[in-house]
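I have placed the structure first, in the form of structure tokens, so that the comments after it can refer back to it.
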Amino acid sequence: MKYRNTKTAAFVSRPNRFTAIVELDGQKETVHVKNTGRCRELLLPGAEVVLEKSDNPNRKTKYDLISVRKENIGWVNIDSQVTNKVMAEWLKTQDYTLIRPEYTYGDSRIDFYMEKGEERYLMEVKGCTLEIDGIGYFPDAPTERGIKHLKELAKAVGKGYHAILAFVIQMNGITEVRPNMATHPAFGKALEEAKEAGVEVLFLPCRVTENTLEFKNG
């Protein structure tokens, strides 16, 4: 995944979940943040960030904030939409006979439904941007939606599906993701129950630069 038409800027502040103020070419600019998580350990005053210019001339904000440089880690991609894009590309290389994104199952919309012959698969994708002492953690903010997806995946195993929770690690050098018990212990409990039910958990480390993201095993 490569971004087009990018610029570097300096982070100033984040008035709300969806927008940030940056300093770009000596001017203050309001930009869209493509991640509704907290990102508090990343979006610090003065942090170097990368913006992608939107193709839509009618948008209120001209740019999307896609990545931020973190000390000792390097570039961290915080684009929550890119994870499914790189996953879709990767799945095409994995010998599935059918891949269907945004699949409605039960009361949830699961990121991917796949088939290999008679075998059926469901996959939910989560992006990890939170690092503490060399370990990735998820979530960085409470996610009831995440718990709901885990419960659906656990039920699906009982109905003959292969159920997968895939963590796309959107930073360099991190290979493991643990539940963030300090922020959302209920997610950690749901994850443990899902694993006990037979849900497979994948960790997908990435190579990240200021304007690219790709799986290391891709």
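Among the residues of region 7-40, those identified as touching a strand residue (DSSP E or B) at 6+ places or on another chain (Cβ under 7 Å), surrounded by fewer than 17 Cβ atoms within 10 Å (Cβ to Cβ) and touching a residue at least 40 places away in the same chain (Cβ under 8 Å) are 7, 8, 19. Does residue 210 count as under 27 Å from residue 6 (Cβ atoms) and not in a strand (DSSP E or B)? In short, yes.
Just one residue in the set 43, 98, 51 is over 23 Å from residue 216 (Cα atoms), at pLDDT 95 or above and surrounded by fewer than 17 Cβ atoms within 10 Å (Cβ to Cβ); that residue is 98. A count restricted to region 175-206 and to residues that are closer than 21 Å to residue 132 by Cβ, part of a strand (DSSP E or B) and out of contact with any Ser or Thr (no Cβ under 7 Å at 6 or more places or on another chain) stands at 7.
Inside region 108-151, residues that are charged (D, E, K, R), free of Cβ contacts under 8 Å to residues at least 24 places away in the same chain and either not assigned by TED's automatic domain parsing to the domain that holds residue 198 or not in a helix (DSSP H, G or I) (or both) make up a count of 5.
Is it true that some residue in region 63-70 is in a loop (DSSP other than H, G, I, E, B) and among the acidic types (Asp, Glu)? The answer is no; no qualifying residue exists.
Just wondering, is there one or more residues in region 186-197 that are closer than 18 Å to residue 38 by Cβ, in the same structural domain as residue 88 (by TED's automatic domain parsing), touching a Pro at 6+ places or on another chain (Cβ under 9 Å) and of a type in the set (A, V, I, L, M)? Within region 186-197, one or more residues are closer than 18 Å to residue 38 by Cβ, in the same structural domain as residue 88 (by TED's automatic domain parsing), touching a Pro at 6+ places or on another chain (Cβ under 9 Å) and of a type in the set (A, V, I, L, M). Selection within region 91-107: residues that are part of a strand (DSSP E or B), closer than 23 Å to residue 1 by Cα and touching a residue at least 12 places away in the same chain (Cβ under 8 Å). The member of this set that is farthest from the chain's Cα centre (by Cα) is 98. The residue list 55, 79 contains one member that is in a loop (DSSP other than H, G, I, E, B), charged (D, E, K, R), out of contact with any Pro (no Cβ under 6 Å at 6 or more places or on another chain) and without any contact (Cβ under 8 Å) to a residue 12 or more places away in the chain, which is 55.
The values are calculated or read from the model by the stated rules, or taken from the named source; none is laboratory data. No experiment lies behind these values; they were computed from the predicted model shown. Virtual Cβ from ideal backbone geometry, glycine too; neighbours counted across all protein chains shown.
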